[in-house]
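Here the structure comes first, spelled out in structure tokens, and everything after it is commentary.
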Amino acid sequence: MPTIGPPKMRNTWLRLAFAVAGAWSSPVEVTEYQKELMAKVEVSAAQLSEAAVPQILAKLDSAFFREYLHDCCPSFAQLPAEELLKRLTRHMEAAEIVSGFPAIIDPAQMYPDSAGMSIDYGLNGSFFLNDWEAVLLHSINPPDVWRHATMQYTDASCDLEKQTVSLGDWPQGCHGHRIGQNYSLGKCYSNSAAPTIVYSYDCSGGNLTQTVWMVNQNETKIQPDVRIVPCPETPPVEAPAPILADGKCHSQTVQNSTESWIMQDHAETIEYGLKAFNVTGAPKTLAEAQERPVYALANNNLIDQGSPIYGDVSAVFSSKYIESTTLLSPMDTGFAETCCVEKRDFPWAPKYNCSAFSAFKQLGTMKHYKHLFLINEDFWTSASSLRSIFMRMEGAWGSHPLQGKSFLNYFEAAVLGRLELPSAVRFLIGEFPTLFGTELGERLPRWARRSGKVLVWALGPNNQPKAALPSASTPAFNFDLLTSPRPFHCNQRILDPTVLGNTSAADFWPTESVDRSNFEKLWAKVAETRQERTPTNTTMAQYWDDFSKLLGHLKVRPIGGEDCQKQLLQGECVGVTMQGECVCYKASVSVTEMVV
């Protein structure tokens, strides 16, 4: 992969250095524009964070919040507000900054709003890419990606006497092969490709109209391709445009990448204040693309998979590496852009309050963030992170499960600068149900071993009735989580024993306890099952139970605010064992180098 930042651009980069306890330092290169932006936000965030202290103390001491703590978190219920704020602060300081991405992507059909990474890009690249960089580096024709439109070719004809409609799909265009399907008007249908969507059809005035609902489905069984289901009583989502029901093939746009890229561009320039491209939503050079961030989130809810909505793999960044070059937003800026700026419907989301949103003026940093809790509380109303954080801190990890709405209440992190590999990544997380026992999954430990970084396998929410190889042409986003009625414990992590010995973290682990044979046997067993059939999420949960019994001594949990203080001063930690032992890398020392 080409090196980001051609030689002629090298003098525009500044190397920032920071140290912990005077023993550890790591440089991050940022542009002059990014440096000035970070300095500006650091000042405003410090003021906002300090000003928020009396308000957040009042919130923590309010009758409503005390009642919540009494119900969910008895160990916190009697603590003074000042102590609650200290616990909250230490929790945030220990939080993983994690970026989720698909295990495999097609650079010709990349979607915005995620990291521009894949397992292969990690294996073969030198930097952790944002999606603009990934398109420029790996797509044959970037302008086609920025302006790509996915077309659908269909026909429709209504038979009012029989109260049916015939729909035709033309995969190769209107002169190709037709695939037909008949539906009864007024009936409701669902299919296995999109089990959380219910739809019905109606014909009037020569047009076919479709009504669509977002619902919760049985998450443990794969249903037949198309089936009649009860019509939901809940309100439908925004209706698609009517289709001309004249029996002739017509084309329509079902995915307009131009709008999506422009929306992301707008969020980055308006909500984060980053440098504009010469052409909106279409950078022409790497120098332009490098001004933009890698998206991540603060894993305050202690989710084992890290970032389960946005892909099959998550990278937990080195906090020491990125702490001076990361902007924090109190909510997902893509969501705010979609629902509050563009005023579009997002049917998966919990209730939200756009009046709490104010572009750019509310940003925080890794040092100054207390005001973000209040804004997040006001924005998400009944689904704020302030409440879910205390709930997840209570008791043993995962003893209080998450509801679906809690997967979207995170602080978004915009990580700036050149994120060099492997330095920028603390450890990797693989989604067990999708990747374990697959050929693609074999590349993930290979990347980790090559990087000298720990790999953790996580069960994650495991909410989807499939565990097949991810598609390279569609985003591996899992917004179904947000509408699920299931409680998610999200508390299952196991270290990969085939990787641990290749890292300095192995020094914190007895060598004789790292047994690879049981791991390899289970991998082979899961791979054999995948060859015979596509395992359901129930099957993969059973395999995880086997995994836990065989390698239970390799279980770890995320670091909390009270964990590993001594070790964190020396070297970064990746987790805590069930016995309370910290698993950390050896301390490393580097010389601060200034480049101007």
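What's the number of the only condition in (1) part of a helix (DSSP H, G or I); (2) surrounded by fewer than 18 Cβ atoms within 10 Å (Cβ to Cβ); (3) hydroxyl-bearing (S, T, Y) that S260 fails to meet?
(2)
Quick one: which helices (runs of 4 or more DSSP H) sit completely within the range 292-394 and have at least 2 residues that are hydroxyl-bearing (S, T, Y)?
Numbers: elements: 319-322, 333-336, 370-380, 385-393.
The helices (runs of 4 or more DSSP H) meeting that bar are 319-322, 385-393.
Report the residue count in the range 57-76 for those that are assigned to a loop (DSSP other than H, G, I, E, B) and under 31 Å from the mean Cα position of the chain (by Cα).
To start, the set of residues in the range 57-76 that are assigned to a loop (DSSP other than H, G, I, E, B) comprises 61-62, 73.
Then drop every residue that is not under 31 Å from the mean Cα position of the chain (by Cα), which leaves 73.
Count: 1.
For residues in the range 143-178 being acidic (D, E) and surrounded by 12 or more Cβ atoms within 10 Å (Cβ to Cβ), which is nearest to W261 (Cα to Cα)? Can you show your working first?
Initially, the range 143-178 is screened for residues acidic (D, E), giving 144, 155, 159, 161, 169.
Subset that is surrounded by 12 or more Cβ atoms within 10 Å (Cβ to Cβ): 144, 155, 159, 169.
On the way: D144: 12, D155: 30, D159: 41, D169: 28 Å.
Among those residues, the one meeting the criterion is D144.
Only one of (1) of a type outside the set (K, R); (2) within 21 Å of I322 (Cα to Cα); (3) surrounded by fewer than 20 Cβ atoms within 10 Å (Cβ to Cβ) fails for E133. Which number is that?
Evaluating E133 over (1) of a type outside the set (K, R); (2) within 21 Å of I322 (Cα to Cα); (3) surrounded by fewer than 20 Cβ atoms within 10 Å (Cβ to Cβ) leaves (3) as the failure.
Looking at the structure I just gave you, is P401 touching a strand residue (DSSP E or B) at 6+ places or on another chain (Cβ under 8 Å), assigned by TED's automatic domain parsing to the domain that holds T536 and surrounded by fewer than 23 Cβ atoms within 10 Å (Cβ to Cβ)?
Values: touching a strand residue (DSSP E or B) at 6+ places or on another chain (Cβ under 8 Å): yes; assigned by TED's automatic domain parsing to the domain that holds T536: yes; surrounded by fewer than 23 Cβ atoms within 10 Å (Cβ to Cβ): yes.
The answer is yes for P401.
Say we look at the range 103-124 and pick out the residues that are closer than 18 Å to V316 by Cβ and in a loop (DSSP other than H, G, I, E, B); which of these is modelled with the lowest pLDDT?
Filtering the range 103-124 for residues that are closer than 18 Å to V316 by Cβ and in a loop (DSSP other than H, G, I, E, B), the one modelled with the lowest pLDDT comes out as S114.
For L79, indicate whether it is at pLDDT 95 or above, assigned by TED's automatic domain parsing to the domain that holds L302 and in a loop (DSSP other than H, G, I, E, B).
Details: at pLDDT 95 or above: yes; assigned by TED's automatic domain parsing to the domain that holds L302: yes; in a loop (DSSP other than H, G, I, E, B): yes.
In short, yes.
Looking at the range 309-321, which of its residues are crowded, with 24+ Cβ neighbours inside 10 Å and out of contact with any Lys or Arg (no Cβ under 9 Å at 6 or more places or on another chain)?
Hits for the range 309-321 are Y310, G311, D312, V313, S314.
Cβ contacts < 7 Å: first residue under 17 Å from L244 (Cα atoms) and in contact (Cβ under 8 Å) with a residue 24 or more places away in the chain, restricted to the range 165-185; second residue of a type in the set (K, R) and outside any strand (DSSP E or B), any location; separation 6+ or different chain. Result?
G168/R178; W170/R178
Let me spell it out: the conditions are (1) surrounded by fewer than 19 Cβ atoms within 10 Å (Cβ to Cβ); (2) in contact with a strand residue (DSSP E or B) (Cβ under 6 Å, 6 or more places away or on another chain); (3) of a type outside the set (S, T, Y), and E342 meets all of them except one. Which number is the exception?
(2)
When E512 is evaluated against the numbered criteria (1) outside any loop (DSSP other than H, G, I, E, B); (2) modelled with pLDDT of 90 or more; (3) over 21 Å from W447 (Cβ atoms), which criterion, by number, is the only one it fails?
Only one criterion in (1) outside any loop (DSSP other than H, G, I, E, B); (2) modelled with pLDDT of 90 or more; (3) over 21 Å from W447 (Cβ atoms) is unmet by E512, namely (2).
Among the listed residues V43, V98, identify the single one that is buried (at least 17 other Cβ atoms within 10 Å of the Cβ), at pLDDT 95 or above, β-branched (V, I, T) and closer than 27 Å to G334 by Cβ.
On the way: V43 fails: buried (at least 17 other Cβ atoms within 10 Å of the Cβ).
Result: V98 is the single residue among V43, V98 that is buried (at least 17 other Cβ atoms within 10 Å of the Cβ), at pLDDT 95 or above, β-branched (V, I, T) and closer than 27 Å to G334 by Cβ.
Looking at the range 58-89 only, could you name the residues that are out of contact with any helix residue (DSSP H, G or I) (no Cβ under 7 Å at 6 or more places or on another chain) and among the aliphatic types (A, V, I, L, M)?
If the condition is that a residue be out of contact with any helix residue (DSSP H, G or I) (no Cβ under 7 Å at 6 or more places or on another chain) and among the aliphatic types (A, V, I, L, M), then A58, A63, L79 are the ones that fit.
Please state which of the following conditions G571 fails to meet, knowing it meets all the rest: (1) modelled with pLDDT of 90 or more; (2) in contact with a Lys or Arg (Cβ under 6 Å, 6 or more places away or on another chain); (3) assigned to a loop (DSSP other than H, G, I, E, B).
Among (1) modelled with pLDDT of 90 or more; (2) in contact with a Lys or Arg (Cβ under 6 Å, 6 or more places away or on another chain); (3) assigned to a loop (DSSP other than H, G, I, E, B), the lone unmet condition for G571 is (1).
Specify the residue that is farthest from the chain's Cα centre (by Cα); the eligible residues are those in the range 448-465 that are surrounded by fewer than 24 Cβ atoms within 10 Å (Cβ to Cβ), at negative phi and not basic (K, R).
The extreme case among them is S451.
Looking at (1) within 30 Å of N502 (Cβ to Cβ); (2) modelled with pLDDT of 95 or more, which one does R392 not meet, given that it meets all the others?
Condition (1) is where R392 drops out.
Just to verify a result, which residue in the range 416-431, among those that are of a type in the set (G, A, S) and farther than 11 Å from L455 by Cα, is surrounded by the most Cβ atoms within 10 Å (Cβ to Cβ)? Even if it seems obvious, please write down each step before you answer.
Of the residues in the range 416-431, the ones of a type in the set (G, A, S) are 417, 423-424, 430.
Narrowing the set further to residues that are farther than 11 Å from L455 by Cα leaves 417, 423-424.
Values: G417: 27, S423: 19, A424: 21.
That would be G417.
Restricting the range 461-498 to residues that are out of contact with any Gly (no Cβ under 8 Å at 6 or more places or on another chain) and of a type in the set (S, T, Y), which is modelled with the lowest pLDDT?
Step by step, filter the range 461-498, then rank; the result is S473.
Which condition number in (1) more than 24 Å from M151 (Cα to Cα); (2) assigned to a strand (DSSP E or B); (3) of a type in the set (G, A, S) is the one that A287 fails?
Single failed check for A287: (2).
The values are calculated or read from the model by the stated rules, or taken from the named source; none is laboratory data. Note that the coordinates shown come from a computational prediction; the quantities given were computed from them, not determined experimentally. We place every Cβ from the backbone using ideal geometry, glycine too, and count neighbours over all the protein chains shown.
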